[in-house]
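Rule-based calculations on the coordinates, nothing more; no lab input. Values in this document were obtained by computation on a predicted structure and should not be read as measured data. Every residue, glycine as well, gets a Cβ built from its backbone with ideal geometry; the counts of neighbours run over all protein chains shown.
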Amino acid sequence: MISILTGFLFATGLYLLLHKSFMKLIAGVILFGNACNMFLLIAGGLTRNHPAFVSKSADAVAVDSMADPVPQAFILTAIVIGLGVQAFVIVLLKRIYQTSRTNNLDELTSTDRV
Amino acid sequence: MLSGMLCLLFNKYVKVQRFIAVAGSLLAFVFAVMLVSVIDRLDTVVMQLGGWEAPFGITLFVDRLAALLLCITALLALAVSVFSFAEDVLSSRKKRIGFYPAFLFMLAGISGAFLTGDLFNLYVWFEVMLISSFVLITLGSKKDQLQGGIKYVVINFVASSFLLLAIGILYGTTGNTNLAALSESLRDPSLKAITQLAAVLLLVSFGIKSALFPFYFWLPSSYHTPPIAITAIIAGLLTKVGVYTLIRTFTLLFPLQQHHLIQQLILVLSCITMIIGVLGAINQQDIRKILAFNLISKIGFMVFGLAVYTPIAICGAIFYMLHHILVKTNLFFVAGIIGKIAGSYEVKKIKGLYDHFSLLSFLFMILSLTLVGIPPFSGFWGKFMLVDAGLKVKEYLPISIMLVTSLLTLYSMMLIWKKCFLSEYAKEKQQLPLERVYVKKHYHMYLASVFLLLITLWISFSPTWLIDYTRKAAEQVLQPANYINAVLKK
Amino acid sequence: MRTTILQVTIKVLIPVFLLYSLYLLFRGHDHPGGGFIAALVISIGLIFHMIAFGVSETQRVYKIDAIKLASIGLLLSFMAATVPMLVGDGFFHALWTDVEIVGIGTISSVLVFDIGVYFAVIGAILKIAFAVFKE
């Protein structure tokens, strides 16, 4: 189920990334980033109802009943980084809109001309 | 003690103060040189962060290759900070907003990427480096900068996502992200399919970052927009980090002798990159764009060395990489000075520099010849090793492409030379300032440029030491077993 | 969006945001929580304040220099990472003291690191928010 959701997120994110409009680009960046995080979660193996915490009292913990904490740590890091990138993209697009007065990515070609 | 040195290498970068830049990079350079000499004796230095043992904690790993690159990074940092002191290269407002913090963060990211021995940690360092380079590229918010910047940001975001996907796949199959441990478990032939998937994802990701053929288009459209000091450091270093990681992954994780398909792929890509880059360069009119396209074609050279995959080829690639970092940054410096003098970067508008600026012309001439690889200069040694290695494995077509590319590079550089330097200065009424006065006024720029040139010349005329060192580095890189043993302490 | 209802509510709620974020910060090591999420909570409060009163008002009331805050945070984090090295352990090695404070738990270099992260993230987010809201 979550795999299908992730695939869907990837597809939507990619579609939006390839769009001309600024707003859709932002949405695409966010969705694509989240899709990657979900992918990490799935790839790391998903278990239900077993948090990756060890209670202080228990001496020995059954390892197989515990979720793998490493992918969670990865995702946490990736989320933080994703937050930075997304915020940056939003500010950047706002500045672009202010300087070029356009909402169409195809018009941003001034640096590509010979 | 060694670990202490490594850590200092890290920390002093992250002081968010204005003029620590020069002191910081000088210190980093001293440490990096010490590291190079230490590595020369010990081969490798390993350090575990947080006191966790190897496959679990984050590992820092330095071998000859990483040490050399660290050293040159610090060197460049020094030159660029000196260069950026010059008035008007960056307006004082930009300096205040945050050029130095972002610059130092980027250097920290680059050094981290060279040092790390863990795939996920590599991703983190990449992001540190990229986000600060985003800030640098768009600093000042000019229209062109923003428009070039958005392409750069989006494409690099996608590249990082691919890296993340590859990490997910590798972690899912092996339960590890430590490079050494991964390298060991990926030998298992039953994992072949998934390994190749991950390898291709990594190839795409690092290919985007190093501007290999199908993914190069973001580079010329964003690299020439920011102020020249920023362009110089970004052009000199960022793509090389991509090449470094390519070398690292495809020797350690996916040794190319086991993945012939990918080897062929890389070979073809590198050839197309060379030819496309240089053709683009000939077509351009803006000095900075010409340099950017030339950069792409040189990336092809380095990756070619990786694709051939013999010790001498890797050695050539590493040597060429070092030489190219120095020369390319310096060429951008010179381009910056030219732009400063003439008020434009358009080849057509700049005329008659040779008459008034003989020192500058001298710098430019030497650098172009070095870039192209005319015999006594350093470009020649790297190229010579690459060609030699290619001949040994009988890859005649790529070699001929490489030689043609060199000729075309020479052509594109001479085009600038002829149009900007040798042409008659037509309009007499607009007198150019005398060079002596000019040098005095902008001595920071000249200082940085001449400093790098001297180092290039030193490499050119006594290459034996460096070639020796890079050869050892290449042999080391091609023996992943050493790496694994050093990290996992077997 | 300057409605009186929002303005009054925010004034009341900001201390709550602050308290909750501090709570999250200090329980962070042994329970879900930590510097990052705590910083997000307090930033949300401040961003609401910006929506209600405008950026200049927020900057005037709270007198926050975002960049300075971020650099202090980074310095703290890096101190937490390097001080163990001076003592003789590895980079980032966690040091624990025996001091236990009710509600906070054991003081350690991990806590210092978390507080550093807290400041750094608040600084970064506010900087971005200022940039977005400023016209």
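Tabulated data for the structure shown
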{"item": "For region B:227-309: relative contact order, % (alpha-carbon pairs under 8 angstrom, 6 or more apart)", "result": "34"}
{"item": "Centroid-to-centroid separation of region A:1-23 and region B:340-358 [C-alpha atoms, Å]", "result": "49"}
{"item": "Unit charges at the beta carbon, dipole of region B:263-394: most positive-side option, B:331, B:374, B:293", "result": "B:293"}
{"item": "Sorted by Cβ density within 10 Å, fewest first, the residues B:381, B:458, B:218", "result": "B:458, B:218, B:381"}
{"item": "Relative exposure of B:259, C:49, B:356, B:324, judged by other C-beta atoms within 10 Å (fewest first)", "result": "B:356, B:259, C:49, B:324"}
{"item": "Set A:24/B:240; B:328/B:394; B:351/B:383; B:349/B:418; B:298/B:340 screened for pairs whose C-alpha atoms are more than 21 Å apart", "result": "A:24/B:240; B:328/B:394; B:351/B:383; B:298/B:340"}
{"item": "Cα-based Rg / Dmax (Å) for region B:92-202", "result": "17.4, 59"}
{"item": "Share of alpha-carbon pairs per 10 Å distance bin for region B:217-296, given as whole %", "result": "17, 40, 29, 13, 1"}
{"item": "Kirkwood Rh, Cα atoms: Rg over Rh of region B:278-374", "result": "1.05"}
{"item": "Environment charge of residue A:20, counting only residues whose C-beta is closer than 10 Å and scoring Lys/Arg +1, Asp/Glu -1", "result": "-1"}
{"item": "Sequence of B:127, B:475 once ranked by neighbouring C-beta atoms within 10 Å, starting from the fewest", "result": "B:475, B:127"}
{"item": "Number of partner chain Cβ atoms within 10 Å, mean per residue of B:112-121", "result": "1"}
{"item": "Gyration tensor verdict on region B:259-480 (Cα atoms; rounded if a/c is under 1.5, prolate if a/b is larger than b/c, oblate otherwise)", "result": "prolate"}
{"item": "Two-site FRET efficiency, residue C:60 against residue C:131, from Cβ-Cβ distance with R₀ of 25 Å, rounded to 0.05", "result": "0.90"}
{"item": "For region B:312-353, alpha-carbon Rg and Dmax in angstrom", "result": "15.1, 44"}
{"item": "Neighbourhood charge, 11 Å Cβ-Cβ cut-off, centred on residue B:112 and excluding it, Lys, Arg +1 and Asp, Glu -1", "result": "-2"}
